[in-house]
Amino acid sequence: MNLEAVETELVSLVKDLDDETSVKLFEKLPKGKRLRSKLILKIAPQSKEAVKLSAIIELIHAASLLHDDVIDDALTRRGAPSLNALFGNKTSIMLGDILYSKAFYELVSMGEEIAKRVSNAVTLLSIGEMMDVELSKRFNPDFDLYFDMIYKKTASLIEASAASAAVIANKNPENYGLYGKNLGIAFQIVDDILDIVSDEKTLGKPALNDYKEGKTTLPYIYLYNDMTEEEKQKLVSYHGKELNVDESKWIKEMFEKYDSVQKSHNFAKKLGLEALKSIESDDRGGDLTAIMKNLIERSY
C-alpha cells in the first residue's frame, strides 16, 4: 500500500458526501507532506485498514488547517492562496466542520481503541489551538507552556496516528505513540526554526512571521532566557508587531550571539533519538529512522 491508495481513498470519502461544492472545495486544498499517512503506512504496511486510517487522519488534519487559517487570518497556505482568502471565512469553517464530521463517521468503523485514541487527539488539538491563541496575546518565556501547547496542537494527532497504526499491526502502541509524540514535537520545533532561518520564497510566508503574529516559539524562549535585562526588554517590545529591516536584523544578530537556533535544533535531535530508541527493535528496515532524520534535517 502507498500514498496513491490514500489519495484514492480520500477522494472516495469526500465524494461519499454527495455534495458537489464540498468536492470542488476539497480539490483546491494543497496536499502537503502527508507526514501522518507516511508514518501509518510504514508502521502498518500492506494493510487496507492502514489506508482507511490514513485517509481519516488526513481529513482531520485538513479540517484543522482550514480552521487554523481562519483563526490566524492567514491568506496563504504553502505558498498558495488559502481557502478563506479565496472563498471567505464562513466557507472555510463549514468545510472544516464537514471534513471533521465525515472523519468521525468513518472513524467509528475502525474499532473502539483507535476511535478513542484519535478522537481524544482531536480534542487535545482543539485545546492546543485555543492555548496558542491565548499565548499569542503576550510574550511567553515559559518552556513548559510552549511544549504543552505544541504537544496538544501538533503532536497529539501524530502520536495517535502512530499508536493507532501499531494497533492495526499488532505492535506496541505505547512505544509507537512515544515515537509519534516526539516526531510531532520535533516537527513543530523545526517549523519554528525555519520561520527564522529560511527566506520568504522557501517558506511561502515572510521570515520572522511567527513573532509578528505574537507566537513565542522555542528559539525566542531560549534567546530570552539567555539575554541581559536590557536585551530582554527590547525583544519583548518587538513582540506581535510588524518588524522593520533594522529590528529584524537585530533579532537575527541576537539569535547568532546566543546560539538560540542551534540550541533548539539540538533539542529536536534529542527528541528524535529518544523516539528512535523506543522502536529500534522493530525498525529493522530503517524506515522510521529515515522519516525522523528527514524531518529534523529538512529545509522547508
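At a glance:
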item	result
Some residue of the range 65-74 being among the hydrophobic types (A, V, I, L, M, F, W, C) and over 29 Å from residue 134 (Cβ atoms)	no
Every residue from the range 22-34 that is more than 22 Å from the chain's Cα centre (by Cα) and exposed (fewer than 13 other Cβ atoms within 10 Å of the Cβ)	24
Enumerated helices (runs of 4 or more DSSP H) restricted to the range 1-108, each holding at least 2 residues that are within 29 Å of residue 181 (Cβ to Cβ) and basic (Lys, Arg)	35-43, 48-71
The range 41-66 residues that are closer than 12 Å to residue 106 by Cα and in the same structural domain as residue 85 (by TED's automatic domain parsing), paired with ones that are hydroxyl-bearing (Ser, Thr, Tyr) and surrounded by fewer than 21 Cβ atoms within 10 Å (Cβ to Cβ) (beta carbon under 7 Å, 6 or more apart)	60/100
Only listed residue being within 22 Å of residue 143 (Cα to Cα), among the acidic types (Asp, Glu) and either over 24 Å from the mean Cα position of the chain (by Cα) or in the same structural domain as residue 42 (by TED's automatic domain parsing) (or both), chosen from 247, 256	256
Residue among 17, 25, 59, 10 that is of a type outside the set (Lys, Arg) and under 17 Å from residue 157 (Cα atoms)	59
Scope the range 218-244; condition hydroxyl-bearing (Ser, Thr, Tyr) and in contact with a Lys or Arg (Cβ under 8 Å, 6 or more places away or on another chain); matching residues	222, 224
Subset tally (residues that are among the charged types (D, E, K, R) and surrounded by 18 or more Cβ atoms within 10 Å (Cβ to Cβ)) for the range 73-105	2
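The values are calculated or read from the model by the stated rules, or taken from the named source; none is laboratory data. Everything quoted here is computed from the prediction, not taken from an experiment. Neighbour counts run over all protein chains shown; Cβ positions are idealised from the backbone, glycine included.
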